[in-house]
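Shown next, in structure tokens, is the structure this report addresses.
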Amino acid sequence: MAKQYDVLFRLLLLGDSGVGKTCMLRRFTEGEFDPSHISTIGVDFKMKTIEIDGLKVRVQIWDTAGQERYQTITKQYYRRAQGIIFVYDITNMPSFQHIAKWASDVDEYAPDDVQTILVGNKADEEFSRQVTKDQGKKLAETYGMEFFESSASTSNNISESFIRVTELVLQAQKRDVNDLLGSLDNYLDRAVLQEEKGSPDNHAPRTCAC
Ligand SMILES: Nc1nc2c(ncn2[C@@H]2O[C@H](COP(=O)(O)OP(=O)(O)OP(=O)(O)O)[C@@H](O)[C@H]2O)c(=O)[nH]1
């Protein structure tokens, strides 16, 4: 059967337990919201195909458990991630403060070129807000990340967040390919020059010793 997509990217959701990672993923992949909280055990994943710049991009999104006791398992998934969404809950200040710890783990275990964004979820719960939008923006700036506030409940900014991190991964891949082609061009130019220099036509005629 013909492949149904052009590229496959691996994304990871990271953040404290209860910030809404599973709900965000379900909202994005299935368009549904379930208000019950069943903590993820270890990791789980869902797939979705989206179209960006005419390319069919298949995203494999890994939903990690926020609970400390699963960290040894979840860290094993950082290594293969190309994009990461850091999630905190705007009604839960500690979940925002812990982003620093999640980011430092990513520094340690994920590839250097991993693309990251920051998302403050549960933006529908304005009345219980503990983290201002400005605080979120500033933290994102500190890490050089783009920032969204989302709600898995109303679906506000859910697709936008997943699509944006996928776009960033795609752009990074294109840059890598262009860099590679640039190096290959340079290499070929140098090889042609060498070849021309080494060619007998370019040497002065040798005097015969005989
Ligand atoms: N009001 C509101 N509640 C939300 C939202 N997203 C998630 N929740 C609720 O928050 C609770 C936790 O959501 P989960 O998606 O299970 O959280 P999680 O981050 O996956 O948690 P772990 O699997 O333990 O890491 C659930 O009761 C959800 O209904 C949201 O955008 N708005």
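No lab work stands behind these numbers, since they all come straight from the coordinates. Quick caveat, the model's predicted, so the values are computed rather than measured. Heads up, the Cβs are rebuilt from the backbone with ideal geometry, glycines too, and the neighbour counts pull from every protein chain shown.
Using a Gaussian network model of the chain in which every pair of alpha carbons under 10 angstrom is joined by a spring, one finds that among Thr166, Thr132, Thr74 the greatest mean-square fluctuation is at Thr132. Near Thr29: Cβ cut-off under 14 Å, other residues only, Lys/Arg at +1 and Asp/Glu at -1. The net charge is +1. Residues considered: Leu184, Leu14, Leu168. Largest GNM mean-square fluctuation over the chain, using C-alpha springs under 10 Å, is found at Leu184.
Tell me whether region 23-166 comes out rounded, prolate or oblate; compute the Cα gyration tensor, take square roots of the eigenvalues as a ≥ b ≥ c, and use a/c under 1.5 as the rounded threshold. Rounded is the answer for region 23-166, as its axis ratio a/c remains below 1.5. Computed on the chain, with alpha-carbon pairs under 8 angstrom and 6+ residues apart, the relative contact order is 21 percent. Loop-resident GluC sites (Glu not before Pro) (DSSP state other than H, G, I, E or B) in region 1-109 with no more than 12 further Cβ atoms inside 10 Å of their Cβ: Glu32.
The loop-placed chymotrypsin sites (Phe, Trp or Tyr not before Pro) in region 54-84, going by DSSP, include none that has at most 14 neighbouring Cβ atoms within 10 Å of its Cβ. For Ser128, the shell of other residues with beta-carbons less than 13 Å away shows a net charge of -2, using +1 for Lys and Arg and -1 for Asp and Glu.
Find out how many positive minus negative residues lie around Arg58, taking Lys and Arg as positive, Asp and Glu as negative, among other residues whose Cβ is under 14 Å from that of Arg58. With Lys, Arg at +1 and Asp, Glu at -1, the neighbours total +3. Which percent, nearest 5, of DSSP beta bridges in region 1-78 are antiparallel? Once the DSSP bridges in region 1-78 are tallied, antiparallel ones form about 60 percent.
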